[in-house]
């Protein structure tokens, strides 16, 4: 298990942020960073969530995805109650380090979505005349 410093380093300048080797995540005004999560085997988009510094630190330390639930306002270890834990295979950050991309393996290959679906992205948005409708 890796022990990380209590705080992530601050970004120093644009070049270091974009080209350097220091991971300095940029959290928004609410203290969150967006995490896009996909299946490590086939890159299927599973979910989009948010992490605060504690969730990110726990994810890096344990290798199991942790998030911040904006609705419950609490730390959330994905799959803790269902058993469908997300083991992080790879984590990437974007150019300005304000978003993360996690490639995960879901234990038991169980559902990721609280609706009991494999992915939270199960509906297609279509334009039909003057209406925007959803299709499964």
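The values are calculated or read from the model by the stated rules, or taken from the named source; none is laboratory data. Note that the coordinates shown come from a computational prediction; the quantities given were computed from them, not determined experimentally. Glycine gets a Cβ as well: all are built from the backbone with ideal geometry, and neighbour counts include every protein chain shown.
Checking the condition modelled with pLDDT of 90 or more and crowded, with 16+ Cβ neighbours inside 10 Å, which residue from 107, 99 passes? Lay out the reasoning, then the answer.
Values: 107 fails: crowded, with 16+ Cβ neighbours inside 10 Å.
Going through 107, 99 in turn, just one is modelled with pLDDT of 90 or more and crowded, with 16+ Cβ neighbours inside 10 Å: 99.
In contact with a strand residue (DSSP E or B) (Cβ under 6 Å, 6 or more places away or on another chain), loosely packed, with under 10 Cβ neighbours inside 10 Å and farther than 22 Å from residue 58 by Cα: is that true of residue 131 in this structure?
Values: in contact with a strand residue (DSSP E or B) (Cβ under 6 Å, 6 or more places away or on another chain): no; loosely packed, with under 10 Cβ neighbours inside 10 Å: yes; farther than 22 Å from residue 58 by Cα: yes.
It is false that residue 131 is in contact with a strand residue (DSSP E or B) (Cβ under 6 Å, 6 or more places away or on another chain), loosely packed, with under 10 Cβ neighbours inside 10 Å and farther than 22 Å from residue 58 by Cα.
Checking residue 89 against (1) modelled with pLDDT of 95 or more; (2) more than 14 Å from residue 40 (Cα to Cα), which single condition isn't satisfied?
(2)
Of everything in the range 101-120, what is more than 26 Å from residue 18 (Cα to Cα) and part of a strand (DSSP E or B)? Give them in sequence order.
Let us first name the residues in the range 101-120 that are more than 26 Å from residue 18 (Cα to Cα), namely 105-120.
Across the range 101-120, the qualifying residues are 105, 106.
Take residue 62 and tell me if it is modelled with pLDDT of 95 or more, surrounded by fewer than 17 Cβ atoms within 10 Å (Cβ to Cβ) and more than 30 Å from residue 13 (Cβ to Cβ). Outline the logic, then answer.
Details: modelled with pLDDT of 95 or more: yes; surrounded by fewer than 17 Cβ atoms within 10 Å (Cβ to Cβ): yes; more than 30 Å from residue 13 (Cβ to Cβ): yes.
Judged against the criteria, residue 62 is a match.
Can you run down the residue pairs with Cβ atoms below 9 Å, 6 or more apart or on separate chains, where the first is in the range 75-103 and without any contact (Cβ under 8 Å) to a residue 24 or more places away in the chain and at negative phi and the partner is part of a loop (DSSP other than H, G, I, E, B) and surrounded by 15 or more Cβ atoms within 10 Å (Cβ to Cβ)?
75/52; 77/65; 77/85; 85/65; 85/78; 85/79
Kindly indicate the residue of the range 32-55 that is within 10 Å of the chain's Cα centre (by Cα) and farther than 21 Å from residue 82 by Cα and also surrounded by the most Cβ atoms within 10 Å (Cβ to Cβ) among those meeting that condition.
Restricting to residues being within 10 Å of the chain's Cα centre (by Cα) and farther than 21 Å from residue 82 by Cα, the top hit is 33.
Quick check on my filter: what residues within the range 33-53 are within 17 Å of residue 70 (Cα to Cα) and in contact with a strand residue (DSSP E or B) (Cβ under 8 Å, 6 or more places away or on another chain)?
Within the range 33-53, 33, 34, 35, 36, 37, 47, 48, 49, 50, 51, 52 qualify.
Among the candidates 123, 92, which residue alone is touching a strand residue (DSSP E or B) at 6+ places or on another chain (Cβ under 9 Å), loosely packed, with under 13 Cβ neighbours inside 10 Å and under 30 Å from residue 19 (Cβ atoms)?
Details: 123 fails: under 30 Å from residue 19 (Cβ atoms).
Result of the check over 123, 92: 92.
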